[in-house]
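Heads up: the structure comes next, in structure tokens.
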Amino acid sequence: MRKCFFLFLTSILSMSLYSQERIEYLPYGKMDSWTVRYIKESILLGGKTRALYVIAKTDTLRQNKPYPYGRNGSPWGTSNAYAKVCGVEKAAVSVTPERRGKGYCCRLETTLQTVKAVGIDLKALATGSIYTGRLLDPVTLEGVKVPMKAIDMGIPFTKRPIALMLDYKAVIQQGRSMVRATGSTKVTTVQGQDAGEIILFLQHRWEDANGNIFAYRVGTASERITKSAPDWKNNHRVPIRYGDITKTPNYKSWEKLSKDRFMARNSKGKMVPVQEIGYKADATPTHLILQISAGCQEAFTGCPGNVLWVDNIRLVY
């Protein structure tokens, strides 16, 4: 009898605590709003018109023109890119909307893309990714060589959520080698296992007189998806840990502080590294970095065929 009463009381307390939580969608986190940009590639590359998908709602379809970021308050950038290098225009597509029930979800795919230029097949590995931030548009030669240099990463954010919540399913290739392809004719086999990745960093940023951007890491959340999940995992949570995470049992090497992993545009209009100099749990966040990808490797490296679907991206308070 006492045991039954204890279980009943525990259940009531758990329900009470859960009911005190507040869940908020990130803007456009329902993944139901998409805009299509039509990019006509250069004749040198075949002259095809390709569709680039943007997570935003707008009444403007722009062909071979920079996209007006920030319109309608969308915080999302994607790995879909419009590049213009030495007058040659190219589109890369690795993120697309896909029907889910009466709405849409977001499909992120790792693909080995081939471009035929003057009879030569050039190959590049593209990993589908979405993130809070902005891809410079069009991408120039520097951004093509080092993609992270073309991303103004993070959005203004001052809250302190306790977890990230989202729905996902995945196809993760098991026992299949990764490849590295940087846009040349060469494709190299790379040992190791690729995986889907979710990272969330809360940062407190500031800028010095020389335009350098520094940051304290306030909160950290991350997860790697190493196995296929053919059915939707709804309301999946990734807890946010505050302060020095290196002292926690579940600390992962990819969560470490970085002085050059992410870039941001400073007040002078220049792209500079965000230099994380330490942890500070009690600081008020100024920026949120959230990145969700079909792969976890460096640029141009991954496992073709990995697919991650995500939907209903929320924060729990």
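The values are calculated or read from the model by the stated rules, or taken from the named source; none is laboratory data. It should be emphasised that the depicted structure is a prediction, and the values quoted were computed from it without experimental measurement. Virtual Cβ from ideal backbone geometry, glycine too; neighbours counted across all protein chains shown. Just so you know, the surface numbers come from the protein's heavy atoms only, side chains and all, with ligands and any DNA or RNA stripped out. Shrake-Rupley method; radii C 1.70, N 1.55, O 1.52, S 1.80 Å.
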Of all accessible heavy-atom area on the range 166-317, the percent that carbon and sulfur account for (1.4 Å): 48 percent
Accessible area of Phe262 in the full protein assembly, 1.4 Å probe (Å², nearest 10): 10 Å²
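Using Cα-Cα distances under 8 Å and only pairs 6 or more residues apart, what relative contact order does the chain have, in percent?
On the way: 809 pairs, mean separation 72.5, N = 317.
The value is 23 percent.
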Protection-proxy order for peptides 217-225, 230-238, each taking the mean of Cβ atoms within 10 Å per residue, highest first: 217-225, 230-238
Positive minus negative residues near Gly219 (Lys, Arg vs Asp, Glu; Cβ under 9 Å): +3
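Near Lys186, within a Cβ-to-Cβ distance under 14 Å, what is the net charge of the other residues, with Lys and Arg +1 and Asp and Glu -1?
Net local charge, Lys186 excluded: +1.
Suppose accessible area is computed on protein heavy atoms with a 1.4 Å probe; arrange Tyr104, Tyr25 from highest to lowest. Show your work: numbers first, answer last.
Details: Tyr104 75, Tyr25 100 Å².
Order by accessible area, largest first: Tyr25, Tyr104.
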Computed log₁₀ I(q)/I(0) - Debye formula, equal Cα scatterers, no solvent, the range 86-205, q 0.09, 0.10, 0.22 Å⁻¹: -0.35, -0.43, -1.47
Cβ-Cβ FRET estimate between Lys252 and Glu21, R0 fixed at 25 Å, reported to 0.05: 0.45
Calculated Rg and Dmax of the chain using C-alpha coordinates, Å: 20.9, 81
Charge tally in the Cβ shell below 11 Å around Gly77, where Lys, Arg are +1 and Asp, Glu are -1, Gly77 excluded: -1
Estimated 222 nm signal from helices in the chain, with DSSP H stretches of n ≥ 4 weighted -39500 (n - 2.57), rounded to 500: -2000 deg cm²/dmol
Filter on Lys57/Lys227; Lys159/Lys259; Lys102/Lys256 - keep pairs with C-alpha separation over 31 Å: Lys57/Lys227; Lys102/Lys256
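In Å², and per residue, what accessible area does the chain have when probed at 1.4 Å with the other protein chains present? Working shown, then result.
Numbers: 15970 Å² over 317 residues.
Dividing the accessible area of the chain by its residue count gives 50 Å².
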Given charges at beta-carbon only (K, R positive; D, E negative), |dipole| of the chain in Debye: 220 debye
Residues whose placed amide H lies under 5 Å from that of Arg50, excluding near-sequence neighbours: Ile39, Lys40, Glu41
Packing rank of 95-101, 282-288, where each peptide gets the mean count of other beta carbons within 10 Å, highest leading: 282-288, 95-101
